[in-house]
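Novice: Sharing a structure below in structure tokens format, with a few things to ask.
The values are calculated or read from the model by the stated rules, or taken from the named source; none is laboratory data. Remember, it's a predicted structure, so these values are computed and weren't measured experimentally. In this analysis, Cβ positions are derived from the backbone assuming ideal geometry, glycine residues included, and neighbour counts consider all displayed protein chains. Quick note on the areas: whole protein, heavy atoms, side chains included, nothing else; ligands and nucleic acids left out. Shrake-Rupley method; radii C 1.70, N 1.55, O 1.52, S 1.80 Å.
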Amino acid sequence: MTTTESHVGAVDRAKRRSGTHGLLQSLRRRPTWIQFGGPVTAVVILSIGFHLVSGTFLTLGNLRSVVEASAVPAIVAAGLSFVLIMGAIDLSIEGVMAATSMVVALLVANGVNGNHLGPLGIGLALLVAVAFGLCNGLLNAVLRMPSLIVTLGTWFIGLGMAAVLFPQRVPQIRDGLLLGVARIRILDFSLVVYIAVALVVAAQLLLNHTTRGRMIYAIGGEEHLLASTGIRIKGIKIAAFSLCGLFAGIGSLLLSAQLGSGNADIGSGHLFPAISASVLGGTVLTGGRGGAVQSALGALILEVLNNGLIQIGAGPYTRNIISGTVILSAVALGGWNRRRLLRVVK
Amino acid sequence: MQIAPDRRTTTRARPDYAAIARTLGPLAFLLLLVAASGAVAPGVLQADSMLGFLSDAAPVIALVVGGTFPILAGSIDLSVAGIASVTGVLVVVLNPVFGPWTSLAVVLLALAFGAVQGLVHCWLQLPSFIVSLASLSILTGLALLLSNATAEPIPSNDVLVGILGNTVAGLPNTIILLAVVVALLWLLMRYTGFGRDLYALGSGETAALMSGVNVRATRTLIFMLSAGCAAMAGLFLVSVTAFSSPTLAGNLLLLSIVGVVLGGTAISGGVGGLFAAVVGGLITAWLRIVTVIVGVAPTAQNIIFGLAALLAVAVTTDRKKLGVIK
Amino acid sequence: MTTRVDAISIRRGVLAGLAFVALTATRPVQAAPEAKGGKLVVGIDETASEYWSEYLQGVRDIAESLGKSPVVLTSNYQGDQLLAQLGATYAAGCHDCALATDPSSNAFVKAIVGRSAKAKVHVVTLWNRPEDIHPWDTFSDYWVAHTSFDGVMSGYEQAMALCKALGGKGTIAAIEGVPSTPPAYQRIRGLKKALAECPGLKLVDTQVGDWQETKAQDITRTWLAHYGSTLQGIFASNDSMARGTVAALKEKGLNGKILVTGSDGSNIGLEMVKSGDMLVTIWNDPVLQGAISMSLAYAAAIGDVDPQKLTHAQRDFYLKEEPVTRDNVDKYLAMKHDQPKYSYEDIKKDFWKDSAGQIPQGANDND
């Protein structure tokens, strides 16, 4: 999971940057629109391919449904990109989503208990999500434990928390505000889609146009260099994990609103697709490259794939095989130009 | 998950007692865990129960041992549970072709699959995480497709599965085979260049490249070993269940990663080994049942498992050897 | 800048906190049982589900009536985890124990029954049984019985309700559960059986929703885009997926217009039937299932029942289930809200009072 550019490349870059000055320059790196080209091409090619086979893919109605379905995965993937760009990983997403969904369903007006906290309940649920991220960040940055195992542990804890909170029966959400989010439609798109777009754009702006955001790239690129310059990075790491938790929490709230109930399984099947989405969008798991918009585009690719495979009537078992193959080939093509003789990929 | 080379100064001259203590930390943790369980329920310490526990733990340990190789090299293999499940299915499906030797043929197939996976990973220069994630998806689909999503009895003429189901002098054959395989792997690591190359890849691949390590061959072998151990885990499972199923190994993937780390192998590579793998596998397997022995409320079991894993890693991670922790 | 001492003290603090939570979350082992016989052990798939909560309720009723407290094992849908936990439970000491469990998949049934027989524990299994082994031919002294709900009947009743409501002619699509579980393929088989009897009904697609609400929701969205208004009914294999389907329909204001069926008679399912969002659900009673399965295993453990003297129909049976439509939903909703409390003495009078007959041959084959 590590990509260290070749020794030669590192020396080259070091020459170009000459220490801290170069580091700061790399912080100012702007996103190039070219970075979005790959994922967008993939979406277009897949869409045309599916349309040629099914004849029904490129209809307005279907494209709408693809966008609707990819809204929450895009939010989750965008949140995850904060962590992935640092070269770390967050596996706890599904646990965070489960816990958040259960907490919100039990705090706002619901069919199980007498709570009626409204917006406060929603806020508290998001706080739980952020707390998970914060905890991941603290354990990783302060206690110096590898993020992979830390978040694996908090994944189980989140699932366990949802199980402990689960009342005898499924808690139905009756809170008008929360349900409204899923029901309000503007220009025939639900509010969820607009929230997703807003969050993804905000995440991208945060990553590319704030010093702290660019520090996240720097942490992914040259953490030891950064540490040796004395720049404080612990806080930024913790913030990145917290943001990832927050985004997963928001995703979970939106899904809960769409379903109208709290669900301990709500996160299931979101983690690995989110990672795949980020990679498809061009995020490199070792960090330093990628972005929120790219990850969101990756989520769109996966949704196009999901939808398209249903449209062309692929059998339920073969779907796994086809999507695995497509992901592999897409990543291989996307990374083809980065192949180098002495490049290290883990 | 990167290691800054400057921090990796090892002093060979003086024995580092703190480091030795830390290596033995997981073992101490395991012993403590077992002793505590024994105090609550003395029955679990009887020879019979221990043998039962060991054979239940065998699939997990096999997966942890296999998963240790990629992780030592700084990679990861997420496809192991998929391979274990497909192994079970293939033992049934391929029986008409290979007869009594089906399970051996399946292990060879798994090795070949692992080799392809390793080659794709290093030839196409794709991260192992995404390659093995994609093959997990493919394997899951294959298992369902080949089995038509049904559990089928394992043919009784299968030699290897038959042997695995038996005991020698009271010892389950699964444990014996596991011990033999671990011993062989230890010899491979100790007396061939492979072990040295493996650690070299894990601790600084650029340096390893420069010093002429055949990275491609080493990586291919790493993923072969991982897949081979996963297939063995699958055979262990079917020798117990006597049935194959497309979801046989389900979420053993997560347990196996927990196991690798709990034993003290660093997820960033370069630190750890087979001893750590076996200990880590045993800890994981024991954590899975300790909640039952101690009587944790069923809803809280996942929480306890998660906390225990965090605690164990917090205690056993050797932070000195790691520069940058991702 | 955080000093090193700070970092260390924070680290210690967090560790102490972890240890504290770990200690407080555990509770002492249950006190010694009072009634005859040993522990009552129950193996379920997960705790955070309405079905399993209700099932546990039935088990707890029985345990309470015997002055016992059940040992609950959670497999997380993982047969080998269940097996390991059973091993530990038996090793910790188990005399005349009784086990009621879902083996979590067909593949683990034989191993779980065998392990229990070795520890002289009497077992009743639920849901999962491979086609070719039965309680009377495999560890027959200890595998007391297997009980399930008729998936074929469930699927058939759902589809026939669709057929009737659409006037014998229409276009439908189906969502399947986790494909390797018997209820999933049985319910689809029931659907196909109904299609043969109702040739006007056209099944245009079947997708796998893994019993999950969100997956069913995504699938339905795609179908709505693909088939538009030509789709008239959606056969969701359980209530959770029916709920996801209805959620997707609501986004387009199509709930109640496109007919949705489900199965399990869960609280949410019943409420959706009442509100008209769902056409039909198939009621089965997890509380009763828990009470019966636990009682039967316990009865064999203390000798109230001799497994060898039971007929095949008593050792491999379906429990009753009923289609619930708007006409009779109130009865079931009332029953949900006011569950009867079961006791061992009640159930013992006739263990098979609610049996729907022996499980027919071939029911557990997937073809």
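Novice: Could you list, in sequence order, the residues of segment B:68-81 that are assigned to a helix (DSSP H, G or I) and hydrophobic (A, V, I, L, M, F, W, C)? Lay out the reasoning, then the answer.
Specialist: Filtering segment B:68-81 down to residues assigned to a helix (DSSP H, G or I) leaves B:68-72, B:80-81.
Residues satisfying the conditions are B:F69, B:I71, B:L72, B:V80, B:A81.
Novice: Looking for whichever is over 21 Å from B:L45 (Cβ atoms), more than 7 Å from chain A (Cβ to nearest Cβ) and either part of a helix (DSSP H, G or I) or modelled with pLDDT of 80 or more (or both) here; the options are B:V315, B:V292. Which one fits? Full working, then the answer.
Specialist: Working: B:V292 fails: over 21 Å from B:L45 (Cβ atoms).
Checking each option against the conditions leaves just B:V315.
Novice: It is to be established whether one or more residues within segment B:106-123 are open to solvent by less than 10 Å² (accessible area, probe 1.4 Å) and farther than 28 Å from B:V213 by Cβ.
Specialist: Checking segment B:106-123: at least one residue is open to solvent by less than 10 Å² (accessible area, probe 1.4 Å) and farther than 28 Å from B:V213 by Cβ.
Novice: Another question about this same structure. Is it true that A:T211 is within 20 Å of the chain's Cα centre (by Cα) and among the hydroxyl-bearing types (S, T, Y)?
Specialist: no
Novice: Still on this structure, I have one more. Being crowded, with 24+ Cβ neighbours inside 10 Å and hydrophobic (A, V, I, L, M, F, W, C) is the filter; apply it to segment C:259-269 and report the residue that is farthest from C:A216 (Cα to Cα).
Specialist: Here the answer is C:I268.
Novice: Here's something else I'd like to know. Tally the residues that are within 14 Å of chain A (Cβ to nearest Cβ) and open to solvent by 10 Å² or more (accessible area, probe 1.4 Å), restricting the search to segment C:53-73.
Specialist: Within segment C:53-73, residues that are within 14 Å of chain A (Cβ to nearest Cβ) and open to solvent by 10 Å² or more (accessible area, probe 1.4 Å) number 6.
Conditions (1) farther than 30 Å from C:Q207 by Cα; (2) touching a residue at least 40 places away in the same chain (Cβ under 8 Å), marked per residue:
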{"position": "B:A115", "(1), (2)": "yes, yes"}
{"position": "B:I130", "(1), (2)": "no, no"}
{"position": "B:D158", "(1), (2)": "yes, yes"}
{"position": "B:N166", "(1), (2)": "yes, no"}
{"position": "B:L177", "(1), (2)": "yes, yes"}
{"position": "B:V182", "(1), (2)": "yes, yes"}
{"position": "B:G195", "(1), (2)": "yes, no"}
{"position": "B:L201", "(1), (2)": "yes, yes"}
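Novice: Among residues belonging to segment A:231-287 that are of a type in the set (V, I, T) and assigned to a helix (DSSP H, G or I), point out the one that is nearest to the other protein chains (Cβ to nearest Cβ). First the steps, then the outcome.
Specialist: Let us first name the residues in segment A:231-287 that are of a type in the set (V, I, T), namely A:231, A:233, A:236, A:238, A:250, A:266, A:275, A:279, A:283-284, A:286.
Those still in the list that are assigned to a helix (DSSP H, G or I) too: A:236, A:238, A:250, A:275, A:279.
Details: A:I236: 13, A:I238: 11, A:I250: 15, A:I275: 7, A:V279: 5 Å.
Applying the filter and picking the extreme gives A:V279.
Novice: Shifting gears a bit: Of everything in segment B:247-263 that's open to solvent by less than 10 Å² (accessible area, probe 1.4 Å) and assigned to a loop (DSSP other than H, G, I, E, B), which residue is farthest from the other protein chains (Cβ to nearest Cβ)?
Specialist: Selected residue: B:G263.
Novice: Here's something else I'd like to know. Please state which of the following conditions A:H224 fails to meet, knowing it meets all the rest: (1) free of Cβ contacts under 8 Å to residues at least 60 places away in the same chain; (2) open to solvent by less than 10 Å² (accessible area, probe 1.4 Å).
Specialist: (2)
Novice: Which residues, taken from segment A:44-75, are in contact (Cβ under 8 Å) with a residue 60 or more places away in the chain, within 12 Å of chain C (Cβ to nearest Cβ) and either hydrophobic (A, V, I, L, M, F, W, C) or more than 30 Å from A:S242 (Cβ to Cβ) (or both)?
Specialist: A:F50, A:S54, A:T56, A:F57, A:N62, A:R64, A:S65, A:V66, A:V67, A:A69, A:A71, A:V72
Novice: Return only the number of the condition from (1) open to solvent by 10 Å² or more (accessible area, probe 1.4 Å); (2) in contact (Cβ under 8 Å) with a residue 24 or more places away in the chain; (3) out of contact with any Asp or Glu (no Cβ under 9 Å at 6 or more places or on another chain); (4) closer than 16 Å to C:H146 by Cα that C:T325 does not satisfy.
Specialist: Single failed check for C:T325: (4).
Novice: State the number of residues belonging to segment A:135-161 that are out of contact with any helix residue (DSSP H, G or I) (no Cβ under 7 Å at 6 or more places or on another chain) and in a helix (DSSP H, G or I).
Specialist: So the answer is 1.
Novice: Considering segment B:181-234 alone, what residues qualify as being modelled with pLDDT under 90, part of a helix (DSSP H, G or I) and among the β-branched types (V, I, T)?
Specialist: Result: B:T206, B:V215, B:T218.
Novice: From B:A84, B:A115, B:A143, grab the single residue that is within 25 Å of B:L164 (Cα to Cα), among the aliphatic types (A, V, I, L, M), in a helix (DSSP H, G or I) and more than 14 Å from chain A (Cβ to nearest Cβ).
Specialist: Within the list B:A84, B:A115, B:A143, the selection yields B:A84.
Novice: Looking at segment B:264-275, which of its residues are part of a loop (DSSP other than H, G, I, E, B) and either free of Cβ contacts under 8 Å to residues at least 40 places away in the same chain or touching a Phe, Trp or Tyr at 6+ places or on another chain (Cβ under 8 Å) (or both)?
Specialist: B:G270 - this is the single residue of segment B:264-275 that is part of a loop (DSSP other than H, G, I, E, B) and either free of Cβ contacts under 8 Å to residues at least 40 places away in the same chain or touching a Phe, Trp or Tyr at 6+ places or on another chain (Cβ under 8 Å) (or both).
Novice: Here is a further query. Look through A:L138, A:L165, A:L134 and report the one residue that is in contact (Cβ under 8 Å) with a residue 40 or more places away in the chain, within 11 Å of chain B (Cβ to nearest Cβ) and open to solvent by 10 Å² or more (accessible area, probe 1.4 Å). Walk me through how you get there before you give the answer.
Specialist: Values: A:L138 fails: within 11 Å of chain B (Cβ to nearest Cβ); A:L134 fails: within 11 Å of chain B (Cβ to nearest Cβ).
Among A:L138, A:L165, A:L134, only A:L165 is in contact (Cβ under 8 Å) with a residue 40 or more places away in the chain, within 11 Å of chain B (Cβ to nearest Cβ) and open to solvent by 10 Å² or more (accessible area, probe 1.4 Å).
Novice: Here is a follow-up. What residue, of C:A107, C:A111, C:A88, is assigned to a helix (DSSP H, G or I), under 18 Å from the mean Cα position of the chain (by Cα) and within 9 Å of another protein chain (Cβ to nearest Cβ)? It would help to see each step written out before you state the result.
Specialist: Details: C:A111 fails: under 18 Å from the mean Cα position of the chain (by Cα); C:A88 fails: under 18 Å from the mean Cα position of the chain (by Cα).
Going through C:A107, C:A111, C:A88 in turn, just one is assigned to a helix (DSSP H, G or I), under 18 Å from the mean Cα position of the chain (by Cα) and within 9 Å of another protein chain (Cβ to nearest Cβ): C:A107.
Novice: Still on this model: If I ask for residues that are assigned to a loop (DSSP other than H, G, I, E, B), surrounded by fewer than 24 Cβ atoms within 10 Å (Cβ to Cβ) and within 19 Å of the chain's Cα centre (by Cα), which ones from segment C:127-154 would you list?
Specialist: Across segment C:127-154, the qualifying residues are C:W127, C:E131.
Novice: Also: Any chance you could count how many residues in segment C:251-306 are within 14 Å of chain A (Cβ to nearest Cβ) and either of a type in the set (K, R) or in a helix (DSSP H, G or I) (or both)?
Specialist: Summing the residues that are within 14 Å of chain A (Cβ to nearest Cβ) and either of a type in the set (K, R) or in a helix (DSSP H, G or I) (or both) in segment C:251-306 gives 13.
To keep it simple, each residue is scored yes or no on (1) in a strand (DSSP E or B); (2) under 25 Å from C:D150 (Cα atoms).
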| site | (1), (2) |
| --- | --- |
| C:L203 | yes, yes |
| C:Q207 | yes, yes |
| C:D210 | no, yes |
| C:T214 | no, no |
| C:I219 | no, no |
| C:W223 | no, no |
| C:I234 | yes, yes |
| C:A242 | no, yes |
| C:V246 | no, yes |
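Okay, residues lined up against (1) assigned by TED's automatic domain parsing to the domain that holds C:L82; (2) at pLDDT below 90; (3) not hydroxyl-bearing (S, T, Y):
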position	(1), (2), (3)
C:G114	yes, no, yes
C:K120	yes, no, yes
C:V124	yes, no, yes
C:D141	yes, no, yes
C:V144	yes, no, yes
C:M160	no, no, yes
C:T171	no, no, no
C:V178	no, yes, yes
C:K192	no, no, yes
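Novice: Within segment C:126-172, which residues are among the charged types (D, E, K, R) and under 19 Å from C:A297 (Cβ atoms)?
Specialist: Within segment C:126-172, C:R129, C:D137, C:D141 meet the criteria.
Novice: Identify all residues within segment C:185-200 that are surrounded by fewer than 24 Cβ atoms within 10 Å (Cβ to Cβ) and within 21 Å of C:M278 (Cβ to Cβ); write none if there are none.
Specialist: Once the filter is applied, which keeps residues that are surrounded by fewer than 24 Cβ atoms within 10 Å (Cβ to Cβ) and within 21 Å of C:M278 (Cβ to Cβ), segment C:185-200 yields C:A194, C:L195, C:C198.
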